[in-house]
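As structure tokens, the structure follows; a few thoughts come after it.
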Amino acid sequence: LPSEQLAVKCNDLTEFNVTSDDLTYGFGVFRPDNTMVFQMQVVPGHDNLIRWEFNKNGDYSIRSTEYSGPEGAQMIVPNAIKVTGCAE
């Protein structure tokens, strides 16, 4: 990640470009209640792009959603994205 926490404004188009040098991974973004917002497959050696508009304030986590061995369960970045500015 480019910083400890990504600051995102409500309804701004946010682009994620995820890369891998070894395995295929799943890149998932999750709400504070642990439900999935979206996910995509990350293919090694390629740019893997997804654009998203967040419409609810909160701290979102990033997790691997693809089995990549026993240590893959540890591939979680809590509070990786902070969305602000939504009228709720």
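The values are calculated or read from the model by the stated rules, or taken from the named source; none is laboratory data. These numbers were taken from a predicted model, which means no experiment stands behind them. Positions of Cβ are generated from backbone atoms using ideal geometry, with glycine treated the same way; all protein chains shown enter the neighbour counts. Protein only, heavy atoms only, side chains kept; ligands, DNA and RNA dropped before computing areas. Shrake-Rupley method; radii C 1.70, N 1.55, O 1.52, S 1.80 Å.
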Computed curve, the range 23-88, Cα-only Debye sum without solvent term, log₁₀ I(q)/I(0) at 0.12, 0.16, 0.19, 0.21 Å⁻¹, is -0.33, -0.57, -0.77, -0.90
Mean accessible area per residue over the chain (1.4 angstrom probe, all protein chains present, square angstrom) is 66
The simple spin-label model distance between LYS9 and ARG31, using points 7 Å out along Cα→Cβ, in nm, is 2.4
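If you count the DSSP beta bridges with both ends in the chain, what percent of them are antiparallel, to the nearest 5? Walk me through the intermediate numbers first.
Numbers: 21 of 25 bridges.
Beta bridges within the chain, antiparallel portion: roughly 85 percent.
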Rounded to the nearest 10 Å², the accessible area of THR19 using a 1.4 Å probe with every protein chain kept is 90
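For the chain, with all protein chains present and a 1.4 Å probe, just round the carbon and sulfur fraction of the accessible area to a whole percent. Provide the component values of the computation, followed by the final result.
Working: 2800 of 5760 Å².
C and S fraction of accessible area: 49 percent.
Could you order VAL8, VAL43 so the one with the most accessible surface comes first? Probe is 1.4 Å.
Values: VAL8 10, VAL43 65 Å².
Largest accessible area first, the list is VAL43, VAL8.
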